[in-house]
Amino acid sequence: MGRFGRVALGALLACSLVPGAAFALPGDGALPEQAAEDAAENGSWYAGGAIERMLAAGDYAEGRVLVRATGEFAPLSPYSNDVSAWSSSDLYAFGGDAGADARLRSAATEPDRVLLIQSETLSTEELLASLVGVPGVLAAQPDYVHVIEQPEPSSAEARAGEATGDAAPPTAPSANATAPDPFIDEQWQLASTDDVEGGTNARALWERLGYPGTALEETVVAVVDDGVDYTHPDLAGAMWENPGTLDLPGRHGYDFANDDDDPMPAGEHGTHVAGIAAAVANNGIGGTGVAPNAKIMAFRIADENGGLWESAAISAYAYMKQAVRGGVNLVAVNNSWGAPNFVGLFGDVMDDLYRNEGVLSVCATGNSGIDHDLASDSPSGAVSQGSIAVNAISSDGTLTNFSDFGAAATDIAAPGSGILSTVPPAYGVCDLDNAEDIVVQDGFETDPVLFKFETAGDAAATLGLGAFGQAPNRGLLWNVTGATAGQEASIVSAPVNAKALFEAAGKTVADARYLAFDAGVTDSKASDTARIMHVYLSSTDTDEPWIELESGHDLTVPYGAGGTFAAPISEKTADKVDWENLSIKITRKLVAFDEGLDLAFTIDAMSFMSKTHPYKTLDGTSMAAPAVTGAVGLLSGAFPDESAAEIRARILGGAVQ
């Protein structure tokens, strides 16, 4: 495979507009609008088994269909024997006045629009079939539900390293740090290519632009994802503030998954993405984003299960369109999600926001190592000169082993391996060496230990104290032999008066916000595969003696040398824990992947902690895309008179080959 151009911002100051043909996407021909009109004339959207192919293309919400229609499209009831079978709502209007969503608009919708058709009695297939031949229907498709694709193996387990990121907190700043943000030297994505081959030159560009001494024009970048933690200390000052004059709900954006004005996240992903693009600079905490001049408009399109609904994404674009029409300087939208299926109406919507409002859409290509020249992906495969499809590179400047690619179908590569950025506190990392954060800790180095564990469950296992890792390091050595799927392997600590332990350390139960420990796992297959674990504390309820510590995401132990495992203790959970007779249970529920294997777990530094550090390193094209989104925000602030096409040309034309 050939090398890809990668983001190198320092070269972009001198770049002039690249002719359109130089960065036209593969397959550019008829514009999406024209293609849709052609489809209406010849019925190509449903010809030749198209419905069957659309249904097989990916996961979708049953009984929901997205339709692109003109003003000729009449109410649906005349085309159904059951008038009550249908309901229809406007999501997006092409061209013309913005704000097609009924929750957002006051003006009439344009004739050419995206509708959501829903039915409680008809299937998606039946809805699509019912739309065949209906006047004014340009295209129809299922309401796809996408996922945030992590660079993981196809098994249900997460792979260590690339899947879980570094578990340790960032180190202190080096002596030659050029900004007061303490973690900035850990953010290799900002480095000069003279220092790190794969760096973006962002810091060098700030210096050339005179930042922070010289103010850059403020821009806005949108993050369409699983939400953004706008209370994060490194993001709170970077959030877009709704001026209240736009006739739009929400202070910082909107949650279209739950139809409310609070885009707080369902996970860590969107918050991490937001920090890469535009975390606050020079505030003396954490790190910084590529575009310190940009504000973040946040959208949550993910449900509680992590599914990202295409209808919600389209509604987010309607919000953005109305915001731009109201004077918001929105320059880019980040889409770090998708699926390997055809690009449908969402691609049309992205193109419309670019052509009519001058907003670029930046899309992650995916983490499955797929050649996009051979297989399409949504939304990164959109046929629009307003989109940028981003692959991931490592710090050495080469394509990562997980990144999708495509010499013709993708545009650029950006840093996407080991990227340090912001996450909500529940997803942060505990510093087990920081005495200020520790409530009580058992390092298992001396006898008697505070937490004496024994094996439990029905799996064959042994447990002991022994040396591992760097000497002199002693911890728990827990071995499961001949694993059988369906069994449970557990270790349980003898009851201790944790309340008394906390008080002896000058702490209280309220200070114990997290249970954390260092852990690793290997297996007899050398699978390089982490394991999902379950952690419990003993309860005062005799009917339910164990309370599971739930974080809203899988708690995984990395493969190999391991990392820090942290589980939050909510106030609700803490009220139910039997702190005066506390036991800890750690369980691996054995699955088919474990069948017949010997598993070796190491556990050390069992700790109750007062806080996490809300930063983490993650891998993926999801991390690469916001580096480009940030670049758009930065360059648009440096060159406020340039068009979106010119900014896009700077980025693609200035890439290092």
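The values are calculated or read from the model by the stated rules, or taken from the named source; none is laboratory data. All of these numbers come straight from a predicted model, not from anything done at the bench. Neighbour counts are summed over all protein chains in view; Cβ atoms, including those assigned to glycine, are modelled from backbone coordinates with ideal geometry. Accessible surface is based on the protein model in full, side chains and every heavy atom, while ligands, DNA and RNA are left aside. Shrake-Rupley method; radii C 1.70, N 1.55, O 1.52, S 1.80 Å.
Going by the conditions given, is ARG355 in contact with a Gly (Cβ under 8 Å, 6 or more places away or on another chain) and surrounded by 24 or more Cβ atoms within 10 Å (Cβ to Cβ)? Spelling it out, it is not the case that ARG355 is in contact with a Gly (Cβ under 8 Å, 6 or more places away or on another chain) and surrounded by 24 or more Cβ atoms within 10 Å (Cβ to Cβ).
For every residue, the table says whether it meets (1) more than 20 Å from the chain's Cα centre (by Cα); (2) buried (at least 22 other Cβ atoms within 10 Å of the Cβ).
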{"site": "LYS576", "(1), (2)": "yes, no"}
{"site": "ALA605", "(1), (2)": "yes, no"}
{"site": "PHE608", "(1), (2)": "yes, yes"}
{"site": "LYS611", "(1), (2)": "yes, no"}
{"site": "PRO614", "(1), (2)": "no, yes"}
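Candidates are the residues of region 118-134 that are among the acidic types (Asp, Glu) and in contact (Cβ under 8 Å) with a residue 24 or more places away in the chain; the one that is least open to solvent (accessible area, probe 1.4 Å) is GLU125. All of (1) free of Cβ contacts under 8 Å to residues at least 40 places away in the same chain; (2) among the hydrophobic types (A, V, I, L, M, F, W, C); (3) buried (at least 21 other Cβ atoms within 10 Å of the Cβ) hold for TRP546 with one exception: (3). I need the full set of residues from region 502-530 which are over 36 Å from the mean Cα position of the chain (by Cα) and surrounded by fewer than 19 Cβ atoms within 10 Å (Cβ to Cβ), in order please. GLU503, ALA504, ALA505, GLY506 - these are the residues of region 502-530 that are over 36 Å from the mean Cα position of the chain (by Cα) and surrounded by fewer than 19 Cβ atoms within 10 Å (Cβ to Cβ). Of all residues in region 423-460, which are of a type outside the set (A, V, I, L, M, F, W, C), loosely packed, with under 14 Cβ neighbours inside 10 Å and not in a strand (DSSP E or B)? Those that are of a type outside the set (A, V, I, L, M, F, W, C), loosely packed, with under 14 Cβ neighbours inside 10 Å and not in a strand (DSSP E or B): ASP433, ASN434, GLU436, GLU445, THR446, ASP447, PRO448, ASP458. Checking each residue in region 378-406 for being under 22 Å from MET350 (Cα atoms), open to solvent by less than 10 Å² (accessible area, probe 1.4 Å), touching a Gly at 6+ places or on another chain (Cβ under 7 Å) and in a loop (DSSP other than H, G, I, E, B) picks out PRO379, SER380, ALA382, SER384, ASP404.
SER490 satisfies every condition listed in (1) part of a loop (DSSP other than H, G, I, E, B); (2) open to solvent by less than 60 Å² (accessible area, probe 1.4 Å) except (1).
Looking at region 618-653, which of the residues that are more than 18 Å from SER395 (Cα to Cα) and not in a helix (DSSP H, G or I) is most open to solvent (accessible area, probe 1.4 Å)? If we take residues in region 618-653 being more than 18 Å from SER395 (Cα to Cα) and not in a helix (DSSP H, G or I), then ASP641 is most open to solvent (accessible area, probe 1.4 Å). Entry remark, region 288-304: residues being open to solvent by 20 Å² or more (accessible area, probe 1.4 Å) and either within 16 Å of ASP143 (Cα to Cα) or touching a Lys or Arg at 6+ places or on another chain (Cβ under 7 Å) (or both) number 1 in total. In this structure, GLU197 does not satisfy being out of contact with any Pro (no Cβ under 7 Å at 6 or more places or on another chain), acidic (Asp, Glu) and either under 24 Å from PRO614 (Cβ atoms) or modelled with pLDDT under 90 (or both). Considering the conditions (1) under 18 Å from VAL557 (Cβ atoms); (2) in contact with a His (Cβ under 7 Å, 6 or more places away or on another chain), SER421 is excluded by exactly one of them, (1). Being surrounded by fewer than 16 Cβ atoms within 10 Å (Cβ to Cβ) and of a type outside the set (Val, Ile, Thr) is a property that does not hold for ASP594.
Residue pairs whose Cβ atoms lie under 7 Å apart, separated by 6 or more positions or on different chains, with the first residue in region 210-221 and under 12 Å from PRO640 (Cβ atoms) and the second open to solvent by 30 Å² or more (accessible area, probe 1.4 Å) and modelled with pLDDT under 95, are LEU216/LEU209.
Restricting region 321-350 to residues that are β-branched (Val, Ile, Thr) and either out of contact with any strand residue (DSSP E or B) (no Cβ under 8 Å at 6 or more places or on another chain) or part of a loop (DSSP other than H, G, I, E, B) (or both) leaves a set whose member that is least open to solvent (accessible area, probe 1.4 Å) is VAL328.
For region 258-294, the set of residues classified as part of a helix (DSSP H, G or I), among the small types (Gly, Ala, Ser) and under 15 Å from PRO424 (Cβ atoms) consists of GLY270, ALA274, GLY275, listed by residue number. Within the bounds of region 461-480, is there any residue that is modelled with pLDDT of 95 or more and in a loop (DSSP other than H, G, I, E, B)? No. Filtered by the rule that a residue be assigned to a loop (DSSP other than H, G, I, E, B) and hydroxyl-bearing (Ser, Thr, Tyr), region 205-257 gives TYR211, THR214, TYR230, THR231, THR245.
Cβ-Cβ distances below 6 Å connect the following pairs, each with a first residue in region 182-208 that is without any contact (Cβ under 8 Å) to a residue 40 or more places away in the chain, a second residue that is assigned to a loop (DSSP other than H, G, I, E, B), and a separation of six or more residues or different chains: ASP185/PRO173; ASP185/SER174; ASP185/ALA177; ALA191/GLY199.
Residues checked against (1) out of contact with any Asp or Glu (no Cβ under 8 Å at 6 or more places or on another chain); (2) open to solvent by less than 30 Å² (accessible area, probe 1.4 Å); (3) of a type in the set (A, V, I, L, M, F, W, C):
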residue: VAL223; (1), (2), (3): yes, yes, yes
residue: ASP229; (1), (2), (3): yes, yes, no
residue: LEU235; (1), (2), (3): no, yes, yes
residue: TRP240; (1), (2), (3): yes, yes, yes
residue: LEU248; (1), (2), (3): yes, yes, yes
residue: ARG251; (1), (2), (3): no, no, no
residue: PRO263; (1), (2), (3): no, yes, no
residue: HIS269; (1), (2), (3): no, yes, no
